[in-house]
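Here the structure comes first, spelled out in structure tokens, and everything after it is commentary.
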Amino acid sequence: MNSTLWRAPLLWRGAQTLARAAVGLVGRLEVTGDVPDALRRGPLILAANHISPFDPVVLAAACRVRDVAPRIMATGGLFRTPVIGALMRRAGHIRVDRGTAAVHRSLEVAAQAVAGGSVVLVYPEGRIGLDPGMWPERGKTGTARLAFASGAAVVPVAQWGSHEVLPYRAPKGMLRGVARALVRRPAIRVHFGAPVPIDDLRSGSPGAARHATDRIIDAITDDLVPLRPDEPDLPRHVDPGRPVDTARAHRGHRPG
């Protein structure tokens, strides 16, 4: 099928509805902000911070609330599992084999998808962040290059609370984390921000991808601040299994 005619399969729409129900069982989903009507069906790039293995479920649910069905750029490990991998492919998601030469092919596929009218969800950090305060890390430039290649708008998506459901090392500790969440039902907040202005940057010019990436991470950080008003420095819930790494700390402005 031509990519310009791509529409979210019923399988994916149904999965989003199930995700909304799942999040409602383990927490209280609060979605703020919105996606402009003109962008809701694409082309569009959603750029979200990454704090937990539960993020894809939370973002699928939040996008369902806002009537958006994104194609997710997801780690190749998910696609290699017998059942989930087949479902991911059927739903139109995009495989990313990090640390291999194939990762460049993933960007090409994503660019084709966005240029063809799809909404694509990406994690600019490229991994679950390891910042001690759980603020967004320095981003990889892939999201910016995707925006330059496709000409699509980038909407920042800030999220908070999913780290209280699944631990960093899930499936290890998963049952305990879910059981705790079922009792405590933490607030799980997602905010869709305003499109990030990068039109003044020229693709291919020195530093353009880095400048655009920093703007995207700054926008996510700004939108994350009001989602965690009582946790400006360190999160209340500390996962003892999450390693800490400051090597990729974002050097732009930080809350404080």
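Structure values in brief
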item	result
Pairs, first free of Cβ contacts under 8 Å to residues at least 24 places away in the same chain in the stretch 137-151, second part of a helix (DSSP H, G or I) and open to solvent by 10 Å² or more (accessible area, probe 1.4 Å), C-beta under 8 Å, six or more apart	none
R242 surrounded by fewer than 19 Cβ atoms within 10 Å (Cβ to Cβ), modelled with pLDDT of 95 or more, touching a Leu at 6+ places or on another chain (Cβ under 9 Å) and of a type in the set (K, R)	no
Top-ranked residue in the stretch 189-206 [being within 27 Å of R20 (Cα to Cα) and among the small types (G, A, S); ranked as farthest from the chain's Cα centre (by Cα)]	A194
Pair list, Cβ < 8 Å and 6+ apart or interchain, from the stretch 231-242 residues that are farther than 15 Å from G161 by Cβ and without any contact (Cβ under 8 Å) to a residue 60 or more places away in the chain to residues that are open to solvent by 30 Å² or more (accessible area, probe 1.4 Å) and in a loop (DSSP other than H, G, I, E, B)	P232/P255; P232/G256
Residue match in the stretch 189-206 (condition: acidic (D, E) and under 25 Å from T246 (Cβ atoms))	no
Any hit, the stretch 102-122, residues being buried (at least 18 other Cβ atoms within 10 Å of the Cβ), charged (D, E, K, R) and not in a loop (DSSP other than H, G, I, E, B)	no
In the stretch 144-160, the residues that are under 30 Å from P206 (Cα atoms) and either buried (at least 24 other Cβ atoms within 10 Å of the Cβ) or touching a strand residue (DSSP E or B) at 6+ places or on another chain (Cβ under 9 Å) (or both)	A144, L146, A147, S150, A152, A153, V154, V155, P156, V157, A158
Which numbered condition V183 misses (of (1) in contact (Cβ under 8 Å) with a residue 40 or more places away in the chain; (2) open to solvent by 10 Å² or more (accessible area, probe 1.4 Å))	(1)
Filtered residue count, the stretch 42-66, keeping only those that are of a type in the set (D, E, K, R) and either open to solvent by less than 10 Å² (accessible area, probe 1.4 Å) or part of a loop (DSSP other than H, G, I, E, B) (or both)	2
Residue in the stretch 33-41 that is at pLDDT 95 or above, open to solvent by 40 Å² or more (accessible area, probe 1.4 Å), among the charged types (D, E, K, R) and assigned to a loop (DSSP other than H, G, I, E, B) present	yes
The lone exception for L29 - which of (1) at pLDDT 90 or above; (2) farther than 26 Å from A181 by Cα; (3) open to solvent by 10 Å² or more (accessible area, probe 1.4 Å); (4) not in a loop (DSSP other than H, G, I, E, B) it fails	(2)
Complete set of residues in the stretch 161-179 that are surrounded by 13 or more Cβ atoms within 10 Å (Cβ to Cβ), out of contact with any His (no Cβ under 9 Å at 6 or more places or on another chain) and not in a loop (DSSP other than H, G, I, E, B)	S162, M174, G177, V178
Residue within the stretch 187-203 that is outside any helix (DSSP H, G or I), surrounded by 12 or more Cβ atoms within 10 Å (Cβ to Cβ) and among the charged types (D, E, K, R) present	yes
The stretch 191-218 residues that are closer than 27 Å to V65 by Cα, paired with ones that are among the polar types (S, T, N, Q) and open to solvent by 60 Å² or more (accessible area, probe 1.4 Å) (beta carbon under 7 Å, 6 or more apart)	H191/T32
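The values are calculated or read from the model by the stated rules, or taken from the named source; none is laboratory data. These numbers come from a predicted model, not from an experiment. Glycine gets a Cβ as well: all are built from the backbone with ideal geometry, and neighbour counts include every protein chain shown. These accessible areas exclude ligands, DNA and RNA; they are computed on the full protein's heavy atoms, side chains included. Shrake-Rupley method; radii C 1.70, N 1.55, O 1.52, S 1.80 Å.
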